[in-house]
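I have placed the structure first, in the form of structure tokens, so that the comments after it can refer back to it.
The values are calculated or read from the model by the stated rules, or taken from the named source; none is laboratory data. Computed from a prediction, not measured in an experiment: that's the story for all the values here. Don't worry about glycine lacking a Cβ; one is built from the backbone with ideal geometry, like all the others, and counts go over all protein chains shown. Each accessible area value is taken on the protein alone, full model and side chains, heavy atoms only, with ligands, DNA and RNA left out. Shrake-Rupley method; radii C 1.70, N 1.55, O 1.52, S 1.80 Å.
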Amino acid sequence: MSAKFDVVVIPGDGIGLEITSGAVKVLEAAAKKYDLDISYTYKDAGGTAYDKFGVPLPEDTVEAAKSSDGVLFGAVGGDKWDNVKPELRPEKAILGLRKQLGLYANLRPVKVLDALVGYSPLRTDRVKGTDLVIVRELTGGIYFGDRCESEQYNGAERAWDLENYSVPEVERIAELAFRTAKLRRGKVTSVDKANVLATSRLWRRTTAKVAEKYPDVALDNLYVDNCAMQLAVNPKQFDVIVTGNLFGDILSDEAAVISGSIGMLPSASLGDGTGLFEPIHGSAPDIAGKGIANPLGTILSAAMLLRYALREEQAADSVEAAVDKVLADGIRTPDLWKDGFEKVNTDEMAQAVAERV
Ligand code: NAD
Ligand code: IPM
Ligand code: MN
């Protein structure tokens, strides 16, 4: 009997539809090969949902996500919705899903594949062999603190966003980082701004305490400004980077491009219930609808869904191997294309991966 799973697909806005449809094609190929019975339920979120229902995250989308085995998410946002009320912005959809599903940990693995070393903006000798994972705290920090869009203060308009972190919030993400490092090269770099921020000083004290439980994992602390520089100078020094919500957001785009294209980077958002899987990039309004977006970050997110949500390790491995193969075979979407390679669109790339699963 084949294993049965219910996956909720949320394409969202911009290139979301193109990239998730590519990833579903690849999931189908893996399902066929490994005899998995996956059903797909499509739900709205983001600007698309706002246009249809007046809200970026319909209750029905949250309920379907919660009761599924895993969520595949595209991207949300776009200039069209830049002037809607802050609480109705498309981005509120992904923030709301993370919060309501309790997805406190976001894993963003950055691997520089041999086939793509030449595409990195950094020199080959600096990036070859880079293999790190950013463990980003995802449901706390300044993203979810109190804020004020506008008030009068000393005769001038001002706005503010508050950052807060509690010890349990830092403990659980640190625990996950140490457990992850134990299965890798045994090194955690905790990134903060403890020379200035109180939340960072609490973060540093708490990670140091958690570290005591993991004597076989080395803990290093870096200030975020230095970490941004170290990523450009010597990305190979990192194994697991653990950091707060805002720093993790910024550092992961920087780390992503080291791998050749932001379109390559997948992520898994995990908590106590259903997991959500999405590429780290956005809705790319500049290329949306052209069918040229790189779907590999979303396809690799689908591989993470197979691994972490459906516990289908072999199927996950086969998707990752197929992505390596496609690149080794010289097939490229325009973001990674150079003379001498085969240029394909989003659909053709997904098809090429599916054939190699
Ligand atoms: P972006 O990641 O959408 O795009 C940045 C640049 O990278 C653009 O030039 C884009 O064309 C390119 N790019 C991104 N993904 C690509 C892919 N798969 N293939 C090829 N090229 C790709 O970031 P942005 O322009 O700052 O944001 C656009 C919108 O997306 C905003 O509304 C933002 O809030 C939103 N956003 C959403 C998410 C999400 O849904 N998780 C993540 C980031 C940004
Ligand atoms: C990401 C995105 C989101 C974030 C936005 C769209 C809310 O940039 O997933 O990296 O800041 O977390
Ligand atoms: Mn981001």
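When the Cα centres of the stretch 310-335 and the stretch 1-38 are compared, how far apart do they sit, in Å?
14 Å
Whole number please: convex hull volume per residue of the Cα set in the stretch 185-239, in Å³? Mind dumping the intermediate values first?
Working: hull volume 3.2 nm³, N = 55.
Dividing the Cα hull volume of the stretch 185-239 by its residue count gives 58 Å³.
Tell me the Kirkwood hydrodynamic radius of the stretch 45-160 in angstroms, computed as one over the mean inverse distance between distinct C-alpha pairs. Mind showing how you got there, number by number?
Numbers: mean 1/r = 0.0574 Å⁻¹.
Its Kirkwood hydrodynamic radius stands at 17.4 Å.
Of LYS66/LYS92; LYS193/LYS236; LYS25/LYS66; LYS25/LYS92; LYS92/LYS236, which pairs sit farther than 25 Å apart, going by alpha carbon to alpha carbon? Kindly include the intermediate steps, with their values, before the conclusion.
Values: LYS66/LYS92 17 Å; LYS193/LYS236 22 Å; LYS25/LYS66 23 Å; LYS25/LYS92 28 Å; LYS92/LYS236 34 Å.
Beyond 25 Å: LYS25/LYS92; LYS92/LYS236.
For the chain, compute the orientation-averaged projected area of the C-alpha convex hull (one quarter of its surface), in nm².
Numbers: hull surface 75.6 nm².
Taking the Cα atoms of the chain, their convex hull projects to 18.9 nm² on average.
For ALA3, enumerate residues with amide H under 5 Å from its amide H, sequence gap 5+ or separate chain, H modeled in the peptide plane.
Amide H to amide H, under 5 Å and 5 or more residues apart or across chains, ALA3 pairs with ASP37.
Ignoring any ligand, DNA or RNA, what whole percent of the accessible area of the stretch 40-87 comes from carbon and sulfur when the probe is 1.4 angstrom? Each step should come with its number before you reach the end.
On the way: 1110 of 2320 Å².
The computed percentage sits at 48.
Tell me the relative contact order for the stretch 167-298 as a rounded percent, counting alpha carbon contacts under 8 Å between residues six or more apart.
Values: 167 pairs, mean separation 29.5, N = 132.
So the answer I get is 22 percent.
So if I take the centroid of the Cα atoms in the stretch 178-229 and the same for the stretch 114-142, what is the distance between those two points in Å?
18 Å
Which value in deg cm²/dmol, rounded to the nearest 500, describes the helix-derived mean residue ellipticity at 222 nm for the chain, given -39,500 (n - 2.57) per DSSP H run of n ≥ 4 and division by the residue count? List each step's numbers first, then the result.
Working: 12 runs with 138 residues, N = 357.
After summing the helix terms and dividing by the residues of the chain, the value is -12000 deg cm²/dmol.
Starting from the Cα of LYS213, draw a straight line to each of the aspartates and glutamates and keep only those under 14 Å, dropping any in the same chain fewer than 8 residues away.
Those aspartates and glutamates meeting the cut-off are GLU171, GLU175.
Using 0.36 nm times the number of residues separating ALA218 and ASP125, minus their current alpha carbon distance, what extension gain do you get? Kindly include the intermediate steps, with their values, before the conclusion.
Values: separation 93, 0.36 × 93 = 33.48 nm, distance 2.52 nm.
Length difference between fully extended and current span is 31.0 nm.
Whole number please: convex hull volume per residue of the Cα set in the stretch 1-75, in Å³?
Numbers: hull volume 5.2 nm³, N = 75.
With only Cα atoms used, the stretch 1-75 gives 69 Å³ per residue.
Can you tell me the accessible area per residue over the chain, all protein chains present, probe 1.4 angstrom, in square angstrom? Numbers along the way, then the final one.
Details: 15470 Å² over 357 residues.
Value returned for the chain: 43 Å² of accessible area per residue.
Placing unit charges on C-beta atoms (Lys and Arg positive, Asp and Glu negative, everything else neutral), compute the dipole magnitude of the chain about its Cα centre in debye, rounded to 20. It would help to have the intermediate numbers written out before the result.
Values: 42 positive and 53 negative charges, 190 e Å.
It comes to approximately 920 debye.
Please list the non-local residues whose amide H lies under 5 Å from the amide H of VAL84, H modeled 1.01 Å from N, same-chain partners needing a gap of 5 or more.
Placed amide hydrogens put nothing under 5 Å from VAL84.
HN-Hα J couplings of the stretch 344-351 from phi, Karplus 6.51/-1.76/1.60, θ = phi - 60°, integer Hz, Gly and Pro as x?
Ordered by residue, 3J(HN,Hα) equals 10, 8, 4, 4, 5, 5, 4, 4 Hz.
Calculate, in whole percent, how much of the Cα-Cα pair population of the stretch 188-321 lies beyond 26 Å. Don't skip to the answer; put the middle values down first.
Working: 3232 of 8911 pairs.
Of all Cα-Cα pairs in the stretch 188-321, 36 percent lie more than 26 Å apart.
Per residue of the stretch 95-103, what does 6.51 cos²θ - 1.76 cosθ + 1.60 with θ = phi - 60° give for ³J(HN,Hα)? Whole Hz please, x for Gly and Pro, Karplus curve as stated.
Per residue, the Karplus-derived 3J(HN,Hα) values read 5, x, 4, 4, 5, 6, 8, x, 8 Hz.
So what is the relative contact order of the stretch 66-197, in percent, for Cα pairs below 8 Å that sit 6 or more residues apart?
Once normalised by length, the contact order is 16 percent.
Listed highest first by mean packing, meaning other Cβ atoms within 10 Å per residue, what order do 300-308, 72-80 come in?
Details: 300-308: 25.7, 72-80: 24.1.
Top to bottom by mean Cβ count within 10 Å: 300-308, 72-80.
Please turn the phi angles of the stretch 203-209 into ³J(HN,Hα) values with the Karplus equation 6.51 cos²θ - 1.76 cosθ + 1.60 (θ = phi - 60°), one per residue in order, whole Hz, x for glycine and proline.
So the J values, rounded to whole Hz, are 4, 5, 4, 6, 5, 4, 5.
Packing-wise, with mean Cβ within 10 Å as the measure, how do 81-89, 55-63 rank, highest first? Please report the intermediate quantities before stating the final value.
On the way: 81-89: 12.4, 55-63: 19.0.
Ranking the peptides 81-89, 55-63 by packing returns 55-63, 81-89.
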